[in-house]
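Below: the structure, in structure tokens.
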Amino acid sequence: MMPPEPGPGEDWYADDPALARLLALDTDAATVKAAEPLLGALGTLAPSRLDALARRADRTRPALRPGAGPGGQDSVAYDASYLELRRLAREHRVFTAAWHPLGGRARAPRTVHFALGYLYAQAEAGYSCPGCMTDGAAFVLARHAPPALRDAYVPRLVQLGAEGAWEGAMLLTERSGGSDLAGTATTATRGADGAWRLDGEKWFASNCTAEVILTLARLPGAPPGTEGLGLFLVPRVLPDGRPNRGIALRKLKDKLGVASMATAELEFQGAGAFLLAGEGRGFQAMAEMVNLSRLYNAVASVAIARRALREGLRNARQREAFGALLLDQPLFRRGAVALAVEVEGALAVVLEAARAMDRAGEGDAEAAALLRALTPLAKACTAKLAVRAASEACEMLGGNGYVEDYVTPRLLRDAQVLPIWEGTTHVQSLDLLRAARRQGALQALRGRADALHAEARREPALAATAADLHTAWDALAAEAARALAGPDAAAQAAAWRLTRALYHAMAASLLARAAAHAGPAARPRAIVVARAYAALLVGPAGAEGERVLEQVALAHGRAVLDAADHAQPI
Ligand SMILES: Cc1cc2nc3c(=O)[nH]c(=O)nc-3n(C[C@H](O)[C@H](O)[C@H](O)COP(=O)(O)OP(=O)(O)OC[C@H]3O[C@@H](n4cnc5c(N)ncnc54)[C@H](O)[C@@H]3O)c2cc1C
């Protein structure tokens with residue numbers, strides 16, 4: 001028997017045990033109210049139409065059409081399902097909300113923007129990358145392009161209608177490597193007319209048909225390393241309307257996942273370009289898009305983890321073994337509760353990063369430091385969670401979970417790219433070290449954690465958890481300080497351990513604070529989740545944490561897992 005599938009009856013916004021509650025915590029009530037129709041519409045569209053389209057788009061891979069585009073440019077044929085996914089994303093503001101008014105605000109906050117992305121990516125992970133780069137290209141152009149270029153390109157990137165809209169791409173990785181961009185070999189030359197031309201190869205070019213490409217190239221006579229790189233805009237259509245010749249698509253990558261989206265090997269052959277940020281500034285300007293992409297990556301990761309949990313639970317609610325539903329088997333429930341708790345913590349971290357981005361955008365320096373620290377933590381740890389959750393979901397469904405008739409293999413294939421692109425897990429961990437050394441990342445995290453604990457303590461049932469978390473943060477801060485003060489080689493070797501520990505500590509602190517603010521119906525469950533997260537994943541944890549998890553699974557498993565039952569007394 002096949003496991004049941006999502007369908008028109010489901011609403012992934014309404015049935016999410018934490019999304020609305022976490023969103024309401026840090027977003028004003030009027031904005032949340034204004035966002036509800038958007039979130040509600042996507043909540044029902046994702047499990048029905050989006051999911052069906054995503055299944056087809058995954059199976060019908062894009063195909064290269066050399067010379068078949070406007071002006072003889074290379075182009076790609078996409079299946080109608082992919083184009084419809086793209087249209088629906090725009091119609092529902094999934095990647096553009098933050099550019100448009102919402103409620104009384106001139107622009108929707110990133111908390112709402114990423115909540116939309118979280119719902120969308122539960123159905124489709126392929127288009128999430130192009131959508132992210134479209135927003136990111138507009139973000140960088142708005143900050144670094146001269147007004148004429150900005151006004152020519154940004155409006156079509158962020159427009160609400162799909163008709164005539166443009167898309168973005170970010171091309172950094174070359175054959176020599178994506179982690180270390182110092183070896184970038186693409187060159188920029190300037191003609192007598194002052195126009196720039198680029199020559200070189202980009203080894204991975206996702207959304208390779210994008211109209212607006214942002215890329216790095218070495219400036220004439222510039223020093224080696226990242227200092228000598230300029231940030232360039234390479235438009236497919238030049239401002240005077242002519243096609244930009246010299247952007248060749250050599251082949252499409254035959255990928256494990258995110259198959260609906262085209263990733264090419266691309267060559268610039270004298271492509272027309274515009275310099276946005278020159279020597280000493282290009283790499284830093286590009287990093288702004290990279291950092292936004294890392295947050296998007298975390299959003300997609302939590303989405304895949306949530307979807308994986310959904311599929312495991314949907315099956316467990318109707319599948320019997322040994323005379324009882326899987327969901328009522330203590331050991332099965334233990335695994336499901338562990339995953340549910342971790343997914344909820346991940347969502348809390350992602351929304352916290354979104355909130356920090358909103359505040360940083362308003363000029364709050366403390367929030368900017370917090371965002372600097374949260375970005376690598378969230379990217380690294382949620383991506384690992386996505387892969388693990390997708391793998392768990394396959395197993396929760398048994399043999400059916402391994403078969404491509406069902407969504408779980410696609411989740412696993414799509415998840416596996418998340419720890420790799422936008423900087424691998426190691427690259428994020430080393431970035432955290434950099435942020436700790438240069439930008440006070442540890443102080444920013446610690447300051448925020450202390451504030452969260454102060455709020456958590458207002459709920460008496462969380463006083464002990466808040467105290468334990470405080471102690472754990474003390475130990476972690478001392479450990480990190482020791483690592484940073486020691487030899488660099490030892491700090492690098494410890495970087496992933498510290499990244500993971502700080503991420504879990506932050507997630508636990510956020511869940512504890514959120515539980516203290518939960519309304520009476522949701523609070524008992526939120527308290528159980530916060531306590532379980534802290535016991536299982538913070539501090540030395542180990543066997544004692546496992547015992548707490550087992551008790552929670554036995555005593556409160558149904559209440560933690562049944563979203564619809566979260567009013568159920570605990
Ligand atoms: C489907 C897909 C689409 C992509 N799309 C794009 C795109 O549109 N634009 C783009 O620019 N790139 C894109 N990429 C490339 C991606 O960003 C890179 O693959 C990634 O950044 C890693 O670079 P690399 O492949 O060169 O691996 P390498 O840099 O060679 O790294 C190999 C391994 O070494 C590890 N490593 C490297 N340095 C260190 C260190 N100092 N300490 C410890 N470990 C280290 C890494 O963590 C990794 O595990 C895409 C990749 C994929 C798979």
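The values are calculated or read from the model by the stated rules, or taken from the named source; none is laboratory data. The shown structure was predicted, so the numbers you read here are calculated from the model rather than taken from an experiment. Heads up, the Cβs are rebuilt from the backbone with ideal geometry, glycines too, and the neighbour counts pull from every protein chain shown.
Taken over segment 158-178, the residue count meeting the criterion of being more than 16 Å from the ligand (Cβ to nearest atom) and crowded, with 16+ Cβ neighbours inside 10 Å is 4. Yes or no: G71 part of a helix (DSSP H, G or I), under 22 Å from A298 (Cβ atoms) and not polar (S, T, N, Q)? No: the conditions fail for G71.
Test L276 against the criterion of being of a type outside the set (G, A, S) and closer than 20 Å to R413 by Cβ, and give yes or no. Answer is no for this residue. Here D240 fulfils each of the conditions (1) more than 16 Å from the ligand (Cβ to nearest atom); (2) of a type outside the set (S, T, N, Q); (3) at pLDDT 95 or above apart from (3). In this structure, is D58 acidic (D, E) and not in a helix (DSSP H, G or I)? The answer is no for D58.
Screening A123 against (1) away from the ligand (no atom under 12 Å from the Cβ); (2) buried (at least 24 other Cβ atoms within 10 Å of the Cβ); (3) in a helix (DSSP H, G or I) leaves a single unmet condition, (3). Restricting L411, L326, L397 to those that are buried (at least 22 other Cβ atoms within 10 Å of the Cβ), touching a strand residue (DSSP E or B) at 6+ places or on another chain (Cβ under 9 Å) and more than 24 Å from A508 (Cα to Cα) reduces the list to L326.
It is to be established whether one or more residues within segment 292-314 are without any contact (Cβ under 8 Å) to a residue 12 or more places away in the chain and not β-branched (V, I, T). Taking every residue of segment 292-314 in turn, none turns out to be without any contact (Cβ under 8 Å) to a residue 12 or more places away in the chain and not β-branched (V, I, T).
All of (1) touching a Lys or Arg at 6+ places or on another chain (Cβ under 9 Å); (2) within 11 Å of the ligand (Cβ to nearest atom) hold for E211 with one exception: (2). In segment 415-427, the residues that are among the aromatic types (F, W, Y) and at pLDDT 95 or above reach residues that are outside any loop (DSSP other than H, G, I, E, B) and within 9 Å of the ligand (Cβ to nearest atom) with C-beta atoms within less than 8 angstrom, at least six apart or across chains, in these pairs: W421/C129; W421/F204; W421/S206. When segment 179-203 is filtered for residues that are near the ligand (Cβ under 8 Å from one of its atoms) and either modelled with pLDDT under 95 or surrounded by fewer than 18 Cβ atoms within 10 Å (Cβ to Cβ) (or both), the ones remaining, listed by number, are S179, D180, W203. Filter segment 82-113 down to residues that are of a type in the set (A, V, I, L, M, F, W, C) and out of contact with any Leu (no Cβ under 7 Å at 6 or more places or on another chain) and give me whichever is farthest from A356 (Cα to Cα). Selected residue: L83.
A count restricted to segment 240-273 and to residues that are under 30 Å from T408 (Cβ atoms) and within 26 Å of the chain's Cα centre (by Cα) stands at 13.
Among residues of segment 431-445 that are under 19 Å from D180 (Cα atoms), those with a beta-carbon under 8 Å from a residue that is outside any helix (DSSP H, G or I) and not aliphatic (A, V, I, L, M) at least six positions away or on a different chain give the pairs D431/G423. Only one residue in L88, L64 is at pLDDT 95 or above, part of a helix (DSSP H, G or I) and out of contact with any Gly (no Cβ under 6 Å at 6 or more places or on another chain), so which one is that? On inspection, the qualifying residue turns out to be L88. When segment 491-526 is limited to residues that are crowded, with 24+ Cβ neighbours inside 10 Å and of a type in the set (K, R), the one that is modelled with the lowest pLDDT turns out to be R525.
Screening Q428 with (1) crowded, with 19+ Cβ neighbours inside 10 Å; (2) more than 19 Å from R500 (Cα to Cα) gives one miss only, at (2).
Residue count for segment 264-291, restricted to those that are within 14 Å of the ligand (Cβ to nearest atom) and among the hydrophobic types (A, V, I, L, M, F, W, C): 8. For P569, the conditions (1) modelled with pLDDT of 95 or more; (2) surrounded by fewer than 24 Cβ atoms within 10 Å (Cβ to Cβ); (3) not small (G, A, S) all hold with the exception of (1).
Is it true that G228 is away from the ligand (no atom under 16 Å from the Cβ) and in contact (Cβ under 8 Å) with a residue 40 or more places away in the chain? Considered against the rule, which asks whether it is away from the ligand (no atom under 16 Å from the Cβ) and in contact (Cβ under 8 Å) with a residue 40 or more places away in the chain, G228 comes out as yes. Number of residues in segment 311-323 that are surrounded by 14 or more Cβ atoms within 10 Å (Cβ to Cβ) and over 20 Å from V552 (Cβ atoms) equals 4.
Of the numbered criteria (1) within 16 Å of the ligand (Cβ to nearest atom); (2) within 30 Å of A195 (Cβ to Cβ), the one M261 fails is (2).
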